[in-house]
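Here's the structure, in structure tokens; my notes come after.
Derivation of every value follows stated rules applied to the coordinates shown; laboratory data play no part. Source: prediction; values computed, not measured. So basically every Cβ, Gly included, is an ideal-geometry build from the backbone, and we count neighbours across all protein chains shown.
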Amino acid sequence: SLVSLAILAWIVLRSRQRRAILLAVGAISVVLLLLLWQHQGRGEPDRQPTTSAANFADEVSLLGYNLPTTPWKPGETIPIRLYWFARKSPAADYSVFLHLALLDDSGKVAQSDSPPISGYSPMTQWEPGEIVVDQQHLQLDETVPPGRYRLLMGLYRPDAMQNLAVLQATEVLPGDRVVLAEIEVSDE
């Protein structure tokens, strides 16, 4: 976005034509309005994280997360910000999984798998004591039925499809899955 603004500013400064200036001012206004809208909507998590201590194999810990608390509709994307603490340099480049599971854990209705920070900062490069802020997204399919679900998360090795052991957490389910929160999906 900043590069686009710089290019448009350059065009305005180089151009002496009224039409080009008006076009650039209009484009800059649209970009600024889109940026403002993106940060104002319900899709932006609160800045105060919910504490959720979880220790993954004494390598990394989840310190907390941000999650909007509004009901979600089928087809929407849930933004989840995770706060990681590197206890030591991780042994592998793990991926984060997010599951939206039925309350009785008999199945899941949505799933997301992604390396932290979209792979821009491989976990093996994290240094001991480093705090990493990771933005994840969970896409709800249009067919997700209304109801209450549990948001589960964990780490796994993509090459071995092996979940990283959870040594400590508030609530851990079989398969080394950490319960983060309950989420409501509504069709209204």
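The average projected area of the range 38-188, computed from the convex hull of its Cα atoms over all directions, is 8.9 nm². Among the chymotrypsin sites (Phe, Trp or Tyr not before Pro) within the range 52-125, those in coil by DSSP and having at most 14 neighbouring Cβ atoms inside 10 Å are Tyr120.
Just to confirm the filter: which trypsin sites (Lys or Arg not before Pro) across the range 74-169 are DSSP coil and have at most 14 other Cβ within 10 angstrom of their Cβ? Of the trypsin sites (Lys or Arg not before Pro), the ones in loops of the range 74-169 whose Cβ has at most 14 other Cβ atoms within 10 Å are Lys88.
With a cut-off of 11 Å between beta carbons, the residues surrounding Leu140 carry a summed charge of -2, where Lys and Arg count +1 and Asp and Glu -1.
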